[in-house]
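A single structure is presented below for examination.
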Amino acid sequence: MGALALAALGLSGGTVQANPQPGQLNLTPGVTTYSNVPYLLNNVALGVCVVIGILVFGAMFIAMFRFRKSRGAVAEKWSHNTTIEIIWTAIPIIILISLAWLATNGLRQFADTTGAQMTVKVTGYQWKWRYDYVDYQGKPISHVGFMSKLDDQSNATRQLNSGLDPYAVKVGDENTYLLNVDHPLVVPVDTKIRFVITADDVIHSWFVPALGWKMDAIPGVINAAWTNIEQPGVYRGQCAELCGQDHGFMPIVVKAVSKADFAKWLADQQKPAAPAPAATTPAPAQATAQVAPPHAAQG
């Protein structure tokens, strides 16, 4: 029993379990300055529901078994009790106001993208993502963007009758079948990052559980969200909107690195591409005239 409790605590309480794990029952606490808000709200609401369930079903079962007719119970004749009615009206109102305040405060924090130190544009396509880096620390970023799609190993494995083992698709010791990409989104830690999210074809939804939120990507609409990742690491997610036949093959990978490592990565991305070597065309072959030997003068 103790081992079971420790396992549950490890699954639900540690930031090392930022990515969802097999058998996990609770939300992930996440790794951002905001992710604790939905985590706390979920736990508070669940606790309220459990307490209400115990009280209501407890009273119901006590009434059914202790005060049943076969035991000689006789129903009371009164129909109103002002004190009880005030109590069971006031308590739910207090609970609802408390939950509404927590939820509204959480939404207010989530909607506040002011003071962002970086902006990334996310565009959903069937069935891949495009990331464009817009600015960083007040400076615009030019020509840094790329498509991010399912990695080749997962893509080959998922093909019908491929004969490949999904459990063999790994990065280190982590099974990454359908959860890895060819180009992850690289971002710095301890940086407030604003995401502007849209789509080019149908509705998608950008969702990385460790960040604590998801946001729909809608054609013709730009939605905004933000994050501030506190711990370096690789955090995985998937499209959370049914967007077509390959919806299940549209993963998201966010790689959070230190600010120094991000600056190096960004500088490498901004380096102009080396010019292609000039094609050396062979010099045209010179035509050689065939001159007939002069005939000897006949005497």
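Look through the stretch 208-251, keep the residues that are in contact (Cβ under 8 Å) with a residue 24 or more places away in the chain and at positive phi, and return whichever of them is farthest from the chain's Cα centre (by Cα). Lay out the reasoning, then the answer.
Applying the first criterion (in contact (Cβ under 8 Å) with a residue 24 or more places away in the chain) to the stretch 208-251 yields 208-214, 216-217, 222-241, 243-244, 246-251.
This time we only want the ones that are at positive phi, so: 212, 233, 244.
Numbers: GLY212: 8, GLY233: 14, GLY244: 18 Å.
By that ranking, first place goes to GLY244.
OK, next. Out of (1) touching a helix residue (DSSP H, G or I) at 6+ places or on another chain (Cβ under 8 Å); (2) under 16 Å from TRP129 (Cα atoms); (3) not in a loop (DSSP other than H, G, I, E, B), the odd one out for TRP226 is which?
Failed condition: (2).
Out of the residues in the stretch 229-242 meeting the condition of being open to solvent by 50 Å² or more (accessible area, probe 1.4 Å) and in a loop (DSSP other than H, G, I, E, B), tell me which one is nearest to THR191 (Cα to Cα).
Taking the stretch 229-242 and keeping what is open to solvent by 50 Å² or more (accessible area, probe 1.4 Å), we get 230-232, 234, 238, 241-242.
Checking the rest, the ones that are also in a loop (DSSP other than H, G, I, E, B) come to 230-232, 241-242.
Numbers: GLU230: 8, GLN231: 11, PRO232: 12, GLU241: 28, LEU242: 31 Å.
So, considering only residues that are open to solvent by 50 Å² or more (accessible area, probe 1.4 Å) and in a loop (DSSP other than H, G, I, E, B), the one nearest to THR191 (Cα to Cα) is GLU230.
Let me ask something else about it. In the stretch 132-177, which residues are of a type in the set (Ser, Thr, Tyr) and closer than 17 Å to PRO22 by Cβ? Talk me through it step by step, then tell me what you get.
Of the stretch 132-177, the ones of a type in the set (Ser, Thr, Tyr) are 133, 136, 142, 148, 154, 157, 162, 167, 176-177.
If the condition is that a residue be of a type in the set (Ser, Thr, Tyr) and closer than 17 Å to PRO22 by Cβ, then TYR167, THR176, TYR177 are the ones that fit.
A follow-up question, please. From LEU102, LEU46, LEU55, grab the single residue that is assigned to a helix (DSSP H, G or I) and over 30 Å from PHE195 (Cβ atoms). Step through it out loud before you land on a result.
Numbers: LEU102 fails: over 30 Å from PHE195 (Cβ atoms); LEU46 fails: over 30 Å from PHE195 (Cβ atoms).
Every option except LEU55 fails the conditions.
If I ask for residues that are in a helix (DSSP H, G or I) and touching a residue at least 40 places away in the same chain (Cβ under 8 Å), which ones from the stretch 114-171 would you list? Full working, then the answer.
Taking the stretch 114-171 first, the residues in a helix (DSSP H, G or I) are 152-158, 166-168.
If the condition is that a residue be in a helix (DSSP H, G or I) and touching a residue at least 40 places away in the same chain (Cβ under 8 Å), then SER154, ASN155, ARG158 are the ones that fit.
Quick one: GLY138 ticks every box in (1) touching a Phe, Trp or Tyr at 6+ places or on another chain (Cβ under 9 Å); (2) within 30 Å of ALA199 (Cβ to Cβ) except a single one, so which number is it?
The single condition GLY138 does not satisfy is (1).
Assuming HIS143 fulfils every condition listed in (1) more than 20 Å from LYS192 (Cα to Cα); (2) open to solvent by less than 30 Å² (accessible area, probe 1.4 Å) apart from one, which condition is it?
The failed condition is (2).
Within the stretch 45-54, can one find any residue that is exposed (fewer than 10 other Cβ atoms within 10 Å of the Cβ) and over 30 Å from SER142 (Cβ atoms)?
no
Only residues that are touching an Asp or Glu at 6+ places or on another chain (Cβ under 8 Å) and assigned to a loop (DSSP other than H, G, I, E, B): list them for the stretch 23-43, please. Explain how you work it out, then say what you get.
Step one: filter the stretch 23-43 for residues touching an Asp or Glu at 6+ places or on another chain (Cβ under 8 Å), giving 31-33.
Result: VAL31, THR33.
Further question: Can we say SER148 is open to solvent by less than 50 Å² (accessible area, probe 1.4 Å) and polar (S, T, N, Q)? First the steps, then the outcome.
Working: open to solvent by less than 50 Å² (accessible area, probe 1.4 Å): yes; polar (S, T, N, Q): yes.
The answer is yes for SER148.
Go through the stretch 172-213 residue by residue and tally those that are open to solvent by 60 Å² or more (accessible area, probe 1.4 Å), modelled with pLDDT of 95 or more and not in a loop (DSSP other than H, G, I, E, B).
Selection size over the stretch 172-213: 2.
For the subset of the stretch 252-262 comprising residues that are among the aliphatic types (A, V, I, L, M) and touching a residue at least 12 places away in the same chain (Cβ under 8 Å), which member is most open to solvent (accessible area, probe 1.4 Å)? Show your work before the answer.
Pass one, the stretch 252-262, residues among the aliphatic types (A, V, I, L, M): 252-254, 256-257, 260.
When the remaining residues are screened for being touching a residue at least 12 places away in the same chain (Cβ under 8 Å), the result is 252-254, 256-257.
On the way: ILE252: 0, VAL253: 5, VAL254: 3, ALA256: 6, VAL257: 22 Å².
The residue in question is VAL257.
The values are calculated or read from the model by the stated rules, or taken from the named source; none is laboratory data. Quantities reported herein were computed from a predicted structural model and do not represent experimental measurements. For neighbour counting, all protein chains shown are included, and Cβ atoms are generated from backbone atoms with ideal geometry for every residue, glycine included. Side chains are part of the model used for accessible areas, which takes the heavy atoms of the whole protein and leaves out ligands, DNA and RNA. Shrake-Rupley method; radii C 1.70, N 1.55, O 1.52, S 1.80 Å.
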